[in-house]
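To start, the structure itself, in structure tokens.
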Amino acid sequence: MSRFKSKKITIAAVCVVLVIGILCGVFIPRFAVKNIVQYNLAAGKQNSVDFNTDFKPYVLTDDSALYIDKESGAVAIVDAQGKVVFNSHSTSAAKNKLACVLAVTFRDKTGNSYIMNSALNVGSTDISTENKNDVTITFNFHENADDGEFQKIPLKFYEEHGGIKASVDLAQVELKNGFCIEKISILPGLFSENKPENKCFYTIPDGCGAQVDLTAFSEKSYSETLDVYGSDVTFGEYSQGATLPCFSMTKGSSMLTAFIDDGDAISSIYVKHNKGTGGDLYNSFVVTPYGKIDGRLVKGESYNGVVSQIYYLTKEGIKDYNSVSAIVRDNLTSKGYLPSEISGAFVDFPFFITVIGSENGRKNTIYTTFENAAEMIALLKTRGVRSIALRFSGAGKNGLNSGAKASVEISSVLGGEKEYNNLCKTAAEKNSSVWYDVDFAFNANKNGKKPDVYKSFREYLSKEPVKTNVATYDYAFSNISKAYKTLSTYESANVCINDLSCFLYTDVEGNVNRQIAMDNFSEKVQSLGVNGNIMLSHPAVYLMNQADAVFSVSQSSVLEEYAGVINVPLLQMVIHGSVCYGSEPINLFENSSDAVLKAVELGASPSFVFTHDNCNVLDYGVYATQTAKFYSSVKRMLPLMDMKITSHEQIVSGVYKITYDYSKVVYVNYNPSVVEVNGILVSAKDFIVI
């Protein structure tokens with residue numbers, strides 16, 4: 001009897017502790033950082049495999065075949081002629097520690113990590129075939145070869161949409177008690193090259209896109225991690241974001257493109273250029289996020305769905321970023337990420353203009369009132385600018401410092417709701433539109449450690465950035481509903497989404513991972529398009545099916561400073577003809593004429609950032625005449641708005657040829673003198689549409 005009472009008291013005590021913990025904001029699970037150990041069990045010597053008689057084909061497409069070595073589990077993707085082109089266990093890959101089919105990081109229940117791969121840490125492999133063009137390799141990972149316990153991961157290969165698909169259903173993975181998968185990489189050695197010969201480069205979705213020449217000599221090694229659809233802001237870890245779920249490698253006359261088909265939101269693309277030549281390129285699925293919050297290691301919700309990549313081996317046609325863009329565009333359209341046709345929000349070629357209202361909602365920081373913005377539209381209209389898409393930033397009651405909760409509450413110092421409605425009416429009368437800039441996840445806080453999503457604007461204004469905090473997932477999610485309700489009372493419900501365009505995050509306490517957050521936010525954002533149109537700032541492609549316009553599409557790569565890296569318009573080629581997009585602000589470039597030509601080259605509508613008062617560098621009055629002149633020139637691009645860019649190439653130095661729908665051609669000449677190309681004269685610092 002006493003034992004029964006003791007148990008009841010213990011249970012009650014635990015309940016009290018849990019309630020107190022919840023009330024105090026203590027969340028589970030969390031692990032102390034100081035005792036966490038990392039075991040790199042994949043750091044040993046790895047052997048290459050002789051690709052000859054040991055291999056046989058299992059999956060066939062019109063252009064390629066998947067070969068598997070039954071003894072080692074090694075994989076190769078072979079061209080139609082039977083020549084091995086890309087393989088998981090090459091000598092080159094072995095030297096880079098990527099000679100494997102699967103690379104996995106496991107975590108035990110105390111948070112210790114175990115880095116393993118299928119070349120060193122697998123006790124056995126089982127190969128089974130259910131149907132033609134359908135094979136599964138089950139890898140039995142072990143921490144210790146003598147303990148008899150295994151982590152079992154089935155990897156399935158099959159033909160889909162003309163490519164070879166590799167997938168892992170995480171619900172079918174068998175793990176030892178207390179273990180979970182933190183990261184998993186499928187075929188990481190497939191895009192590894194130590195001593196490249198002839199034509200060899202990577203195409204990666206960094207910024208607008210980048211091409212990394214692996215034959216170019218680098219004095220030091222460099223690498224970058226590209227979080228697909230933006231960094232996970234929950235853990236305060238920020239990196240360059242990849243807007244597209246893809247990467248590619250070209251060797252000689254062959255090109256292999258990987259498209260991340262399932263689990264794209266939990267993907268991080270890793271690219272490396274070795275000291276000297278060569279490098280590695282692969283994707284890791286972050287199945288269970290781990291990160292530090294307030295000095296403690298926090299474990300997020302594990303993703304239990306399918307992760308997969310599709311591999312396309314290009315047989316014919318252009319084998320560079322032009323081919324990659326076509327593959328990615330088709331896949332994104334079929335997945336519903338890209339609309340099949342461009343929005344009807346613009347009947348004319350729009351000029352994108354950002355105006356900055358107020359820094360912090362006080363009178364001494366007013367740069368542009370709603371009445372001032374109406375004057376801008378009217379003036380530009382009289383000078384021949386037929387259509388303007390005006391994005392109003394800093395219109396909330398605290399200006400650029402408006403947090404997510406108050407982001408759609410109109411500032412009274414700028415004129416209030418009545419004046420904002422008058423601005424919207426003026427714009428509509430002049431074939432233009434106004435877009436209200438909002439945040440859904442970020443809140444201004446002087447003591448915060450998160451990034452300022454308006455940092456670029458503050459730099460233009462020579463102001464110190466204000467650090468911000470991130471709202472919880474539920475809070476950010478509900479902010480969309482609040483914005484919908486508030487915006488529906490305005491004359492125009494057009495909205496420009498700022499933060500969700502370039503960040504994603506887990507909700508550790510709410511058991512929401514990045515993939516769930518992406519799906520939920522994408523669905524929720526659709527409601528904003530019921531009463532108005534949607535614009536994205538610095539876009540992530542997962543929201544583009546809801547977007548009528550995209551603002552500030554990147555024109556460069558953060559890797560461009562390194563040897564062998566050139567910017568390529570991969571992103572622009574993928575989205576042109578599906579979404580109308582603007583360039584980076586023209587008036588912030590030293591040479592505005594070249595900046596306009598760059599917008600034309602990339603198929604973008606030129607954009608500007610203006611203020612009405614108190615900022616000479618952004619004063620719209622100085623640029624009004626020049627803006628109208630630029631518009632008069634680029635409106636020739638109007639007939640191409642709904643066409644796809646099918647080819648982009650440099651013909652001669654300073655001259656580019658851009659092909660639309662395989663028929664219409666634009667030549668852009670950056671040279672100070674006229675140039676003749678293909679019997680066509682292109683004027684100096686000008687372009688021509690054929």
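Listed values, structure above:
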{"quantity": "Segments classed as strands (runs of 3 or more DSSP E), wholly inside region 512-612, with at least 3 members that are farther than 18 Å from GLU649 by Cα and either open to solvent by less than 10 Å² (accessible area, probe 1.4 Å) or not hydrophobic (A, V, I, L, M, F, W, C) (or both)", "calculated": "534-537, 549-551, 580-585, 605-610"}
{"quantity": "Filter result (part of a loop (DSSP other than H, G, I, E, B), of a type in the set (Gly, Ala, Ser) and either modelled with pLDDT under 85 or within 16 Å of ALA517 (Cβ to Cβ) (or both)) within region 220-251", "calculated": "GLY230, GLY236, SER239"}
{"quantity": "Within region 300-340, considering residues that are assigned to a helix (DSSP H, G or I) and more than 23 Å from LEU281 (Cα to Cα), the one farthest from the chain's Cα centre (by Cα)", "calculated": "SER334"}
{"quantity": "Region 475-511, subset charged (D, E, K, R) and assigned to a helix (DSSP H, G or I), residue least open to solvent (accessible area, probe 1.4 Å)", "calculated": "ASP499"}
{"quantity": "Residue list for region 411-437, restricted to those being touching a helix residue (DSSP H, G or I) at 6+ places or on another chain (Cβ under 6 Å) and closer than 25 Å to VAL525 by Cα", "calculated": "TYR420, LEU423, ALA427, SER432, SER433, VAL434"}
{"quantity": "Qualifying positions in region 392-401 - more than 16 Å from SER432 (Cβ to Cβ) and either without any contact (Cβ under 8 Å) to a residue 60 or more places away in the chain or part of a strand (DSSP E or B) (or both)", "calculated": "SER393, ALA395, GLY396, LYS397, ASN398, GLY399"}
{"quantity": "Test: residue in region 76-97 that is touching a residue at least 24 places away in the same chain (Cβ under 8 Å), closer than 28 Å to VAL37 by Cα and among the polar types (S, T, N, Q)", "calculated": "yes"}
{"quantity": "Residue in region 46-71 that is farthest from LEU187 (Cα to Cα), counting only those that are open to solvent by 30 Å² or more (accessible area, probe 1.4 Å) and without any contact (Cβ under 8 Å) to a residue 24 or more places away in the chain", "calculated": "THR53"}
{"quantity": "Residue, modelled with the lowest pLDDT, within region 461-474, restricted to residues that are open to solvent by less than 20 Å² (accessible area, probe 1.4 Å) and more than 27 Å from PHE610 (Cα to Cα)", "calculated": "ALA471"}
{"quantity": "Close pairs from region 564-582: first of a type in the set (D, E, K, R), partner not in a helix (DSSP H, G or I), Cβ under 8 Å, at least 6 apart", "calculated": "none"}
{"quantity": "Filter result for the condition that a residue is of a type outside the set (D, E, K, R), in a helix (DSSP H, G or I) and surrounded by 24 or more Cβ atoms within 10 Å (Cβ to Cβ), over ALA404, ALA373, ALA389, ALA378", "calculated": "ALA373"}
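Residue-wise test of (1) within 19 Å of SER323 (Cβ to Cβ); (2) touching a strand residue (DSSP E or B) at 6+ places or on another chain (Cβ under 7 Å); (3) assigned to a strand (DSSP E or B).
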residue: THR646; (1), (2), (3): yes, yes, yes
residue: ILE651; (1), (2), (3): yes, yes, yes
residue: LYS657; (1), (2), (3): yes, yes, yes
residue: VAL666; (1), (2), (3): no, yes, yes
residue: LEU681; (1), (2), (3): no, no, yes
residue: ILE688; (1), (2), (3): no, yes, yes
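The values are calculated or read from the model by the stated rules, or taken from the named source; none is laboratory data. As the structure is a computational prediction, the values presented were derived from the model and not from experiment. With ideal geometry, Cβ positions are generated from the backbone for all residues, glycine too; neighbour counts draw on all protein chains shown. These area figures cover heavy atoms from the full protein model, side chains too; ligands, DNA and RNA do not enter into them. Shrake-Rupley method; radii C 1.70, N 1.55, O 1.52, S 1.80 Å.
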